[in-house]
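Data first, discussion second: the structure below is written as structure tokens.
Read-outs throughout are calculated quantities, based only on the coordinates presented, and are distinct from any laboratory measurement. Being a predicted model, the structure only gives us computed values, none of them experimental. Every residue, glycine among them, receives a Cβ derived from its backbone with ideal geometry; neighbour counts consider all protein chains shown.
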Amino acid sequence: MNIKQIAIIGQTASGKSALAIDLALQTDAYILSLDSLSIYKEIDIVSAKPTIQEQQGIPHFGIDEIYPNEPFSVATFISLYKEVYTKCTNEGKPLIIVGGTSFYLKAMIDGISPMPKLSSATIEEVDEILSNLPQAYEMLCKIDSKYASNIASSDRYRIQKALEIYLQTSTPPTLYFQENPPKPVIEGKLDIYEILWDRDSIRDRIHKRTKQMVQSGLIDEIAYLEYKYTRSPNPMKAIGIKETLDYLDGRVTKDELIQKISTNTARLAKRQKTFNNSQFRDITKDTLTNLKKTLKSLY
């Protein structure tokens, strides 16, 4: 049995989460969040994840799944999707996929190649190699110049995965991916809806949300995260966190903090819009107000 499932995408601060919750309340649906910060426990204010109260009792997947010092990848979201899809199928519930990190949605639609199971020796060797990223990239160029030419020399994640493949299987990444083609993950039909805002409006929404974050305790949250996890974990380099660390270091004032987060988030929003325009073809795009009407009329 195929369940009814939709995806709601859009720029940061476009109103995706609130729309998904409203629709889930109407349809008794479950929600899968595809967000690179909301997946972490204790990263609450800066991720703008819906609070327990805002979730209104709706089962959410992809929120508060792991701690900030634990690794995750698109494979994590694939596992979460399979889990919630099975649950929805067994219980006869619709599924709403929502999030600003559309890369994960695209990866699940197109599929990803299965990664080899890594030995502890491979993991340790790759970690040691990555301690010098320029040399790691140079090593990858020698192993597989074709694959290396398509990624940036600073792309630590993809360099790591490529080296893991080679050191574990003795197969260059290009050949490995040819022998292990990606398989789509999404089951059945998935309709995609994108919330549209004009440039000035989304910038205004971002600025207001940033001010609210600071008023709600953003600085204290980041100070706590730094104390507990240090600055090493990947999420500590995210927008909103890195600027607040600058504030804690005394490099910027509170007003400058708000402006820097707003500016960098607006740049992110522009990249998100560009990605969505280039990667998704058969989707419905409209304003938040119109999409609310459209989606509620479908159920």
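For a straight C-alpha distance cut-off of 20 angstrom, the aspartates and glutamates reachable from K228 (same-chain residues fewer than eight places away being disregarded) are E42, D44, D64, E65, E70, D220, E243, D246, D249. The mean sequence separation of alpha-carbon pairs under 8 Å and at least six residues apart, normalised by the residue count of region 120-179, gives a relative contact order of 34 percent. For the chain, averaging the sequence separation of C-alpha pairs within contact (under 8 Å, six or more residues apart) and dividing by the residue count gives a relative contact order of 27 percent. Compared with the alpha-carbon gap, the fully stretched path from K237 to E138 is longer by 33.2 nm at 0.36 nm per residue. Beta bridges assigned by DSSP with both partners in the chain are antiparallel in approximately 5 percent of cases.
FRET efficiency for the T76 to K293 pair, using the beta carbon distance and R₀ = 45 Å, is estimated at 0.85. Between S170 and T263, the modelled labels are 5.3 nm apart [label points 7 Å from Cα along Cα→Cβ]. Translational diffusion coefficient, Stokes-Einstein: compute it for the chain using the Kirkwood radius over C-alpha pairs as Rh, at 20 °C and 1.002 mPa s, and state it as an integer in µm² s⁻¹. It diffuses with D of about 103 µm²/s by this estimate. Annotation for region 40-67 versus region 111-143: alpha-carbon center distance of 32 Å. Straight-line cross-link reach from K285 at under 17 Å between alpha-carbon atoms covers these aspartates and glutamates, not counting any fewer than eight positions away in the same chain: D191, E194, D198.
Take the Cβ atoms of K117 and S278, set R0 to 45 Å, and the FRET efficiency comes out at 0.85. Inter-part distance, region 72-89 to region 209-288, computed on C-alpha centroids, equals 26 Å.
Residue pairs exceeding 28 angstrom between C-alpha atoms, taken from K41/K93; K161/K183; K41/K260; K4/K117: K4/K117. Sum -39500 (n - 2.57) across every DSSP H segment of at least 4 residues in the chain, then divide by the residue count to get the 222 nm mean residue ellipticity, nearest 500. When only DSSP H runs of four or more count, the value is -16500 deg cm²/dmol.
Taking a Cβ cut-off of under 10 Å around E194, the surrounding Lys, Arg, Asp and Glu residues balance to a net charge of +2, with basic ones at +1 and acidic ones at -1.
If a/c stays under 1.5 just call it rounded; otherwise compare a/b with b/c (prolate if a/b is bigger, oblate if not). Do that for region 24-66, with a ≥ b ≥ c from the square roots of the Cα gyration tensor eigenvalues. Cα axes put region 24-66 in the prolate bin. The order of the peptides 57-65, 245-253 by mean Cβ neighbours within 10 Å, most packed first, is 57-65, 245-253.
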